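A.B. asks: Dumping the structure here so I can ask a few things about it.
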Amino acid sequence: MSADILLQTHGLNAWYGAAQILFDVGLEVGRGEVVALMGRNGAGKSTTLKAIMGMMPRRSGQIRFLGQDISQAQAHQVARQGLGFVPEDRRIFTDLTVLENLSVGRQGSRQFPDGSAAPFWTHEKLFQLFPNLGELQHRPGGRMSGGEQQMLTVARTLMGNPLVVLLDEPSEGVAPVIVEQMADMIMALKREGVSILLSEQNLHFAQWVSDRAYVLEKGQIRHQASMVDLVNDADIQRQYLSV
């Protein structure tokens, strides 16, 4: 495994009960790279992220993070190693303020495999990235809009100083201005060397931020390409991405 590859899966399978959802999924994410998991609803994108994060009750295959095998690790163990997860359903603490939600996510500083320092996130740094949160820092999470809650969920994950972020459908159901801020956030993380594995249906958004893409259908990777090549491949889009 190359030192530049931070996250890698091989032969990843996952089940909900007796139903197999993922079939031998293999992918990799390099340092400072944004990789999109593309596909229609039900293709297995969110399940892939949950399986990597240790949130599926039954899975098989190999998952390697920072060169270590985490195939049998539980979600809290994976998070402590520097793998962040931003769920689609947000899961903020509605009774806690923005500041309190962020404090819950705090973890220590980290290093990349080559020994260089990873980004260290503070409240102040996050409020520069998400100015809306700075204005709402004393507001309970339950009194925020869906887009504001989405930003809070991302910011709380960043308080754990992750080296790789699993980001599930960030553009789903939020206003265009929030989508634009999400794109700015992803590009800012990339500039700092953080990697992102992005589950996304919106090709326009994925094109905006991603370097490469894997295309899923029925739990299997059917195609992989640079994002530029995917955008220019009308046949693949029609076959696997069109509604």
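A.B. asks: All but one of (1) part of a loop (DSSP other than H, G, I, E, B); (2) at pLDDT 95 or above hold for Arg64, so report the exception by its number.
C.D. replies: Every condition holds for Arg64 apart from (1).
A.B. asks: From Ala206, Ala213, grab the single residue that is assigned to a strand (DSSP E or B), among the small types (Gly, Ala, Ser), more than 22 Å from Phe93 (Cβ to Cβ) and modelled with pLDDT of 90 or more. Give the derivation first.
C.D. replies: Working: Ala206 fails: assigned to a strand (DSSP E or B).
Criteria check complete, one pass: Ala213.
A.B. asks: Among the helices (runs of 4 or more DSSP H) confined wholly to the stretch 95-184, which include 2 or more residues that are under 24 Å from Ser46 (Cβ atoms) and either acidic (Asp, Glu) or touching a helix residue (DSSP H, G or I) at 6+ places or on another chain (Cβ under 8 Å) (or both)?
C.D. replies: Values: elements: 98-104, 123-129, 131-135, 146-158.
Once the helices (runs of 4 or more DSSP H) in the stretch 95-184 are filtered for at least 2 residues that are under 24 Å from Ser46 (Cβ atoms) and either acidic (Asp, Glu) or touching a helix residue (DSSP H, G or I) at 6+ places or on another chain (Cβ under 8 Å) (or both), what remains is 98-104, 146-158.
A.B. asks: I would also like to ask the following. Where the second residue is surrounded by 15 or more Cβ atoms within 10 Å (Cβ to Cβ) and among the small types (Gly, Ala, Ser) and the first is under 11 Å from Val86 (Cβ atoms) and touching a residue at least 40 places away in the same chain (Cβ under 8 Å) and lies in the stretch 132-158, which pairs have Cβ atoms under 6 Å and are six or more apart or on separate chains?
C.D. replies: Arg156/Gly105; Thr157/Gly84
A.B. asks: Is there a residue being within 20 Å of Thr153 (Cβ to Cβ) and aromatic (Phe, Trp, Tyr) anywhere in the stretch 77-87?
C.D. replies: Yes, the stretch 77-87 contains a residue that is within 20 Å of Thr153 (Cβ to Cβ) and aromatic (Phe, Trp, Tyr).
A.B. asks: Which of the strands (runs of 3 or more DSSP E) found entirely inside the stretch 1-41 contain at least 3 residues meeting this: in contact (Cβ under 8 Å) with a residue 24 or more places away in the chain and farther than 16 Å from Leu166 by Cα?
C.D. replies: Values: elements: 5-16, 19-30, 34-38.
Counting at least 3 such residues, we get 5-16, 19-30.
A.B. asks: Sticking with this structure for a sec: For residues in the stretch 132-142 being farther than 15 Å from Asp89 by Cβ and surrounded by 12 or more Cβ atoms within 10 Å (Cβ to Cβ), which is modelled with the lowest pLDDT?
C.D. replies: Keep residues of the stretch 132-142 that are farther than 15 Å from Asp89 by Cβ, which gives 132-140.
Narrowing the set further to residues that are surrounded by 12 or more Cβ atoms within 10 Å (Cβ to Cβ) leaves 132-137, 139-140.
Numbers: Asn132: 87, Leu133: 91, Gly134: 91, Glu135: 93, Leu136: 93, Gln137: 93, Arg139: 94, Pro140: 94.
The extreme case among them is Asn132.
A.B. asks: Restricting to the stretch 76-92, name every residue that is under 26 Å from Gly173 (Cβ atoms) and in contact (Cβ under 8 Å) with a residue 12 or more places away in the chain.
C.D. replies: Let us first name the residues in the stretch 76-92 that are under 26 Å from Gly173 (Cβ atoms), namely 79, 83-92.
Of everything in the stretch 76-92, those that are under 26 Å from Gly173 (Cβ atoms) and in contact (Cβ under 8 Å) with a residue 12 or more places away in the chain turn out to be Ala79, Leu83, Gly84, Phe85, Val86, Pro87, Glu88, Arg90, Arg91, Ile92.
To keep it simple, each residue is scored yes or no on (1) touching a Ser or Thr at 6+ places or on another chain (Cβ under 8 Å); (2) surrounded by 13 or more Cβ atoms within 10 Å (Cβ to Cβ); (3) over 25 Å from Glu217 (Cα atoms); (4) in contact (Cβ under 8 Å) with a residue 40 or more places away in the chain.
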| residue | (1), (2), (3), (4) |
| --- | --- |
| Gly67 | no, no, yes, yes |
| Thr94 | no, yes, yes, yes |
| Leu99 | no, yes, yes, no |
| Pro113 | no, yes, yes, yes |
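A.B. asks: Looking only at residues that are among the small types (Gly, Ala, Ser) and either over 15 Å from Glu169 (Cβ atoms) or in contact with a Pro (Cβ under 6 Å, 6 or more places away or on another chain) (or both) in the stretch 31-61, which one is modelled with the lowest pLDDT? Outline the logic, then answer.
C.D. replies: Taking the stretch 31-61 first, the residues among the small types (Gly, Ala, Ser) are 32, 36, 39, 42-44, 46, 51, 54, 60-61.
Then drop every residue that is not either over 15 Å from Glu169 (Cβ atoms) or in contact with a Pro (Cβ under 6 Å, 6 or more places away or on another chain) (or both), which leaves 32, 51, 54, 60-61.
Values: Gly32: 92, Ala51: 97, Gly54: 95, Ser60: 96, Gly61: 97.
The residue in question is Gly32.
A.B. asks: I'd like to know if the stretch 63-72 contains one or more residues that are in contact with a Gly (Cβ under 8 Å, 6 or more places away or on another chain), of a type in the set (S, T, N, Q) and within 24 Å of Gly108 (Cβ to Cβ).
C.D. replies: no
The values are calculated or read from the model by the stated rules, or taken from the named source; none is laboratory data. What you are looking at is a predicted structure, and each value in this text was computed from that prediction instead of being measured. Cβ atoms come from the backbone with ideal geometry, glycine included; neighbour counts cover every protein chain shown.
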